[in-house]
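These notes concern the structure reproduced below.
The values are calculated or read from the model by the stated rules, or taken from the named source; none is laboratory data. In this text the structure is predicted, and so the values were computed from the model without any measurement. Counting neighbours? That spans all protein chains shown, and the Cβs are built from the backbone with ideal geometry, glycine included.
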Amino acid sequence: MTQKFKTNWDVDKYYDETEPEEHWQLRKEFMTVHQDKFPEDYLVALAKAFTNIEFMGCVYPAPLMIRIGELSKDVAKKYRDIKKTKLQRTFVTASSAAENKYSGKRKSDPIQYASNSKR
């Protein structure tokens, strides 16, 4: 027995104007690609979880993470490729930053760099 559900619902009705455009476009793509595979309310929840994982690093129970991983393979490929080329933040411990500052190793300060290179 196959379950019947509506597949021609309007994805755009789930647009949230407080959501960044990049988030909406990825969520919309996810819903559009899978619109014929799941009931509307379930797919909307999956799409929200998907963007929470991608953009905020949220973690959900393993079965859901596996399902979203499988469903997002092709949808998120372009986004993930772009993300690889973006600047990545580097975090430094406070003690390392203080040590570098007081030991004179900080080369990113143009005034300090210029004064060190004149010696």
Given the conditions (1) of a type outside the set (A, V, I, L, M, F, W, C); (2) loosely packed, with under 10 Cβ neighbours inside 10 Å; (3) within 19 Å of Leu71 (Cα to Cα), and given that Lys37 satisfies all but one, which numbered condition is not satisfied? (2)
For the range 33-68, name all the residues that are modelled with pLDDT of 95 or more and of a type in the set (Gly, Ala, Ser). Ala45, Ala47, Ala49, Ala62
Does Thr51 meet the test of being under 23 Å from Lys6 (Cβ atoms), in contact with a His (Cβ under 7 Å, 6 or more places away or on another chain) and of a type in the set (Ser, Thr, Tyr)? yes
Suppose the filter is exposed (fewer than 12 other Cβ atoms within 10 Å of the Cβ) and not basic (Lys, Arg); does Pro61 pass it? yes
Hey, any hits in the range 25-32 for a residue that's at pLDDT 75 or above and hydroxyl-bearing (Ser, Thr, Tyr)? yes
Sort out which residues of the range 21-34 are touching a residue at least 12 places away in the same chain (Cβ under 8 Å) and either among the small types (Gly, Ala, Ser) or exposed (fewer than 13 other Cβ atoms within 10 Å of the Cβ) (or both), and write them in order of number. none
It is to be established whether one or more residues within the range 36-58 are assigned by TED's automatic domain parsing to the domain that holds Trp9, of a type in the set (Gly, Ala, Ser) and more than 24 Å from Asn8 (Cα to Cα). yes
Among the residues of the range 53-84, write down those that are part of a loop (DSSP other than H, G, I, E, B) and closer than 21 Å to Tyr42 by Cβ. Cys58, Val59, Tyr60, Pro61, Lys73, Asp74, Val75, Ala76
